[in-house]
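Inspection log for the structure reproduced underneath, given as structure tokens.
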Amino acid sequence: MANHQKREQPNGGQLLTDPMARLKIGPISRGIAGFLVKTRWILLSICVLLAPAAWYFSNQLDFDRSVESMFADNDPVLEPYLRLKETFGGNEIVLAVYEDRDLLHADGRGIRRLYGVSRQLKNVEGVRGILSLAELNDALNKLYYVNEVGPLRIIREFDTLFESKPVDIETVKVPIVDQTDELAKQFREMFEGYTHSSDGQTVSIACILQPKESSNVSRRDLIDRMREIIQQQSNGQLTGEPVMMTDGFRYVERDGRRLGLNCVILLSLVMIALFRSIRWVLIPLAVMQLTLWLTRAVLVVSGFQLSMVSSMLTAIVTVIAVATAMHVILRYREARAAGREQTDAMKSAIGILFWPIVWSCCTDAAGFASLMIATVGPVQDFGVMMALASLLVLVCILLLVVPLGLLGKLDADPQKAWGEAKMRDALRRSTTVISSRPKKLALAIAVIALLLSIGNLFLKVETDFTKNFRSDTPIAISYSYVENRLGGAGVIDVIVPVEKRLNRTFLKSVEKFQNDLRQLKFPKELPGKNAGETALTKVISIVDVNNASTKVRTVGSIPLSIRLKAMESLMPNLYRSLYTTKPDKNGHRYYRVMLRTGQRQSAEQKEWLTGQIQSLANQHFEPKPGKPGPETTGFYVLLSRLVHSILRDQYWTFGMAIIGIAVVMTLAFRSLKLAMIAMVPNLLPVLVVMGSLGWLGIKINMGAAMIAAVSLGLSIDSSIHYLWSFQRWRDTGLSVHESIVEAQLRVGRAVVFSTLALVLGFSSLCLSEFVPTIYFGVLVGATMLGGLFGNLVVLPILLHLVYGRREKPVSAKPKSETSPPAEA
């Protein structure tokens with residue numbers, strides 16, 4: 001390496017000594033660089049053999065499409081929800097909604113039309129049962145019929161009287177629309193919000209799905225078939241937990257393919273513009289593709305499944321691979337420009353950059369790994385997936401860059417970017433400004449950063465989960481429709497253990513509990529649009545149906561047990577969704593109270609409401625020692641918990657990222673002082689960007705909750721390269737200012753190029769249909785731009801303040817201008 005090679009330069013024919021030869025390369029990095037060059041064809045052969053196997057396994061990676069995947073396995077909110085699903089046969093309900101202004105027309109035309117739609121949906125494979133006004137109409141007809149036969153005959157001929165028979169749609173009586181019938185009116189009011197809207201112009205058909213385990217059709221095919229049927233009606237929509245999860249993962253999968261391709265195309269154009277070399281565009285893409293295949297293959301072998309934020313995998317791996325390769329390309333180009341042969345130039349580049357690349361990938365992994373302590377399932381999964389990918393980028397860089405870079409002479413050298421000379425001059429001038437007034441600049445930056453960072457105190461979380469989807473997507477449109485027309489899209493369930501069969505005493509307690517629930521109003525002191533309003537728009541259980549049926553003289557006179565049995569026969573799907581007739585493995589039966597509320601509430605209102613419901617449940621059904629107590633659960637409760645966890649997770653993961661990255665940096669530089677210096681210019685952009693969200697009143701979601709930890713891990717890569725270069729130039733005997741100039745000129749260009757690649761790469765995420773992905777792309781891009789400022793302005797300022805205090809400030813040309821130029 002002491003051999004100073006020369007090349008004739010175009011500017012006057014002057015011979016320039018290779019400046020990089022002055023830098024000391026340690027024996028380990030020199031040995032590794034030599035090994036990689038010497039065994040490059042073996043390494044390439046390994047990659048060629050490894051790629052098909054990795055590709056095969058990577059194609060087997062699938063998504064975990066359950067709502068449970070959104071939470072950590074030990075999250076206490078999951079146990080009641082899983083018990084609800086297990087107890088009530090899957091608990092998956094889809095609402096098929098459409099408009100019909102004639103729904104309650106006196107001649108029954110709307111109900112007869114509903115019969116036809118209900119039958120179509122009921123015949124779809126995977127649908128276990130239906131509840132709509134058509135089924136309620138059948139129950140009314142049967143009640144009126146048995147009312148004429150007397151209680152004794154009901155008891156003696158129960159099976160015959162309540163036998164289910166097919167209905168002729170054209171001739172069926174429709175008492176449910178009779179405005180003068182008190183029982184019909186009570187049934188309509190009871191199921192208002194579940195089977196129809198209050199104005200009688202919106203139809204809602206509750207479709208109870210078979211459990212996934214016992215269904216022969218996938219959820220996606222089932223939802224698609226149901227949507228095909230309901231969209232034949234006026235303004236037909238589908239909503240419900242299965243629809244949200246199915247459509248959500250549909251968008252994620254589509255995003256994964258589209259965003260990855262967009263990112264690759266965008267970064268390829270950037271690389272071509274910067275280096276004007278097809279070879280040096282294809283090399284980072286080869287690194288990206290092998291990393292992606294290996295990451296997915298390892299996840300498959302370890303039994304891992306993708307989650308709702310996994311669409312970013314391809315785009316982020318591409319960005320990391322390109323940004324890492326950028327430093328190698330520039331170092332290799334410098335060595336080639338100084339006259340070195342290909343192999344010597346590659347040895348020099350790898351020897352100088354080996355440790356910075358290693359530690360950069362480790363800090364990336366540390367930033368992503370910090371997400372593993374989150375309580376939100378997709379955030380955890382994203383952390384595991386990307387930490388693994390970050391380390392595999394390192395492996396693939398070492399395996400592929402050397403053999404592909406030295407493969408033949410065609411298009412061997414990356415070229416200089418247009419305007420690069422002006423960029424170098426601007427970087428040189430910036431060091432003069434920084435060194436002349438570092439204290440004033442530091443004070444100004446600190447004041448502005450502090451003011452903007454205060455906004456972190458005002459951060460709010462987006463509580464409406466449907467806002468995670470673009471407003472023009474079917475799932476967002478349908479949920480908004482249900483929210484506005486059917487009294488809210490928030491579904492809550494209270495399950496109460498029943499030791500024995502239902503009796504009057506228990507049902508009386510349920511009735512009192514439900515009456516108390518109906519009286520709940522949001523406190524006016526809580527933030528939210530619904531302050532002071534009734535909290536629950538609907539409360540319903542078997543008690544309501546039983547009370548309504550007693551209005552029929554004959555039915556009201558029969559024993560409760562027979563009446564409940566009749567109810568099960570009349571409305572089997574509803575009854576089995578509200579009460580388990582068979583005990584579970586612990587001998588417990590469960591009674592269910594279904595509640596409905598608005599989805600668009602503040603986080604404080606949601607937390608207050610779930611707490612009040614559970615408190616009332618404990619009052620009316622006091623838990624006994626050793627026995628299960630009442631539990632409040634449902635999709636609304638899960639999403640409220642998810643929202644509550646997002647902001648807390650951000651602070652915890654950010655703190656863990658700071659600790660983890662600080663440890664890695666201390667090990668890398670063997671200096672706590674340098675590690676702390678490196679942290680400052682990368683912490684400030686995160687605090688400023690997140691604080692700006694607080695000041696602007698922009699609510700954060702899952703995507704925003706991840707950016708603090710991730711951005712810190714990504715942006716600090718540039719600090720590692722910068723400080724490594726600074727230290728190397730100091731070791732050659734240059735002053736602090738001269739070393740900063742050399743680092744600014746040589747590493748600064750790579751920092752600008754890699755940041756440009758990062759920002760443009762992450763901008764491709766803005767095309768997603770999943771809003772957290774858009775937030776993630778925009779906010780990480782903004783933080784990366786802040787990191788660019790931090791690494792090229794704040795970091796040199798700190799180095800001057802800490803190490804250059806005894807040196808004279810530079811006011812004109814820096815002394816380093818007489819040192820070897822960065823590149824001709």
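Can you list residue pairs whose Cβ atoms sit under 9 Å apart, with the first residue in the range 775-797 being farther than 17 Å from residue 702 by Cβ and the second being surrounded by fewer than 22 Cβ atoms within 10 Å (Cβ to Cβ) and among the charged types (D, E, K, R)? Count only pairs 6 or more apart in sequence or on different chains.
Within 9 Å, the pairs are 797/439.
Quick test for you: out of 711, 754, pick the one residue that is open to solvent by less than 10 Å² (accessible area, probe 1.4 Å), assigned to a helix (DSSP H, G or I) and touching an Asp or Glu at 6+ places or on another chain (Cβ under 8 Å). Don't jump to the end; show me each part of the working.
Numbers: 711 fails: touching an Asp or Glu at 6+ places or on another chain (Cβ under 8 Å).
Criteria check complete, one pass: 754.
Looking only at residues in the range 38-64 that are part of a loop (DSSP other than H, G, I, E, B) and open to solvent by less than 80 Å² (accessible area, probe 1.4 Å), which one is modelled with the highest pLDDT?
Residues of the range 38-64 part of a loop (DSSP other than H, G, I, E, B): 39, 59-62, 64.
Pick out the ones that are also open to solvent by less than 80 Å² (accessible area, probe 1.4 Å) and you get 39, 61-62, 64.
Working: 39: 95, 61: 83, 62: 81, 64: 76.
In this case the residue turns out to be 39.
Restricted to the range 509-548, and to residues that are outside any helix (DSSP H, G or I) and basic (Lys, Arg), which residue is surrounded by the fewest Cβ atoms within 10 Å (Cβ to Cβ)? Reasoning before the result, please.
Initial filter on the range 509-548 (outside any helix (DSSP H, G or I)): 519-541.
Still in the list and also basic (Lys, Arg): 521, 524, 529, 538.
Details: 521: 13, 524: 9, 529: 11, 538: 20.
Filtering the range 509-548 for residues that are outside any helix (DSSP H, G or I) and basic (Lys, Arg), the one surrounded by the fewest Cβ atoms within 10 Å (Cβ to Cβ) comes out as 524.
Taking the condition of being within 22 Å of residue 70 (Cα to Cα) and not in a strand (DSSP E or B), how many residues in the range 223-256 meet it?
18
Filter the range 683-739 for residues that are among the small types (Gly, Ala, Ser) and under 22 Å from the mean Cα position of the chain (by Cα) and give the result. Break it down stepwise before answering.
We begin by selecting, within the range 683-739, every residue among the small types (Gly, Ala, Ser); these are 691-692, 694, 697, 703-705, 708-709, 711, 713, 715, 718-719, 725, 733, 735, 739.
Of everything in the range 683-739, those that are among the small types (Gly, Ala, Ser) and under 22 Å from the mean Cα position of the chain (by Cα) turn out to be 691, 692, 694, 697, 703, 704, 705, 708, 709, 711, 713, 715.
State which residue pairs qualify: first residue under 10 Å from residue 315 (Cα atoms) and open to solvent by 10 Å² or more (accessible area, probe 1.4 Å) and inside the range 263-276, second residue at pLDDT 85 or above and part of a helix (DSSP H, G or I) in any location, beta carbons under 8 Å apart, and separation of 6 or more residues or different chains.
264/285; 264/288
Between 384, 379, 393, 401, which is touching a residue at least 40 places away in the same chain (Cβ under 8 Å), within 22 Å of residue 315 (Cα to Cα) and either of a type in the set (D, E, K, R) or open to solvent by 30 Å² or more (accessible area, probe 1.4 Å) (or both)? Steps first, answer last, please.
Details: 379 fails: either of a type in the set (D, E, K, R) or open to solvent by 30 Å² or more (accessible area, probe 1.4 Å) (or both); 393 fails: either of a type in the set (D, E, K, R) or open to solvent by 30 Å² or more (accessible area, probe 1.4 Å) (or both); 401 fails: either of a type in the set (D, E, K, R) or open to solvent by 30 Å² or more (accessible area, probe 1.4 Å) (or both).
Checking each option against the conditions leaves just 384.
Which of the residues spanning the range 420-439 are open to solvent by 50 Å² or more (accessible area, probe 1.4 Å) and within 41 Å of the chain's Cα centre (by Cα)?
422, 424
So which of 321, 325, 335, 366 ends up being over 30 Å from residue 638 (Cβ atoms), touching a residue at least 40 places away in the same chain (Cβ under 8 Å), part of a helix (DSSP H, G or I) and open to solvent by 10 Å² or more (accessible area, probe 1.4 Å)? If you could, list the steps in order and put the result at the bottom.
Details: 321 fails: open to solvent by 10 Å² or more (accessible area, probe 1.4 Å); 325 fails: open to solvent by 10 Å² or more (accessible area, probe 1.4 Å); 335 fails: open to solvent by 10 Å² or more (accessible area, probe 1.4 Å).
Exactly one residue qualifies, and that residue is 366.
Under 8 Å by Cβ, and 6 or more places apart or on different chains, what pairs join a residue from the range 613-638 that is under 13 Å from residue 588 (Cβ atoms) with one that is in a loop (DSSP other than H, G, I, E, B) and of a type in the set (A, V, I, L, M, F, W, C)?
Within 8 Å, the pairs are 629/621; 630/621.
The values are calculated or read from the model by the stated rules, or taken from the named source; none is laboratory data. Note that this is a predicted model, so its numbers are computed, not measured. Quick reminder, even Gly has a Cβ in these numbers, built from the backbone with ideal geometry, and neighbours come from all protein chains shown. To get the accessible areas, we keep the full protein, side chains included, count just its heavy atoms, and leave off ligands, DNA and RNA. Shrake-Rupley method; radii C 1.70, N 1.55, O 1.52, S 1.80 Å.
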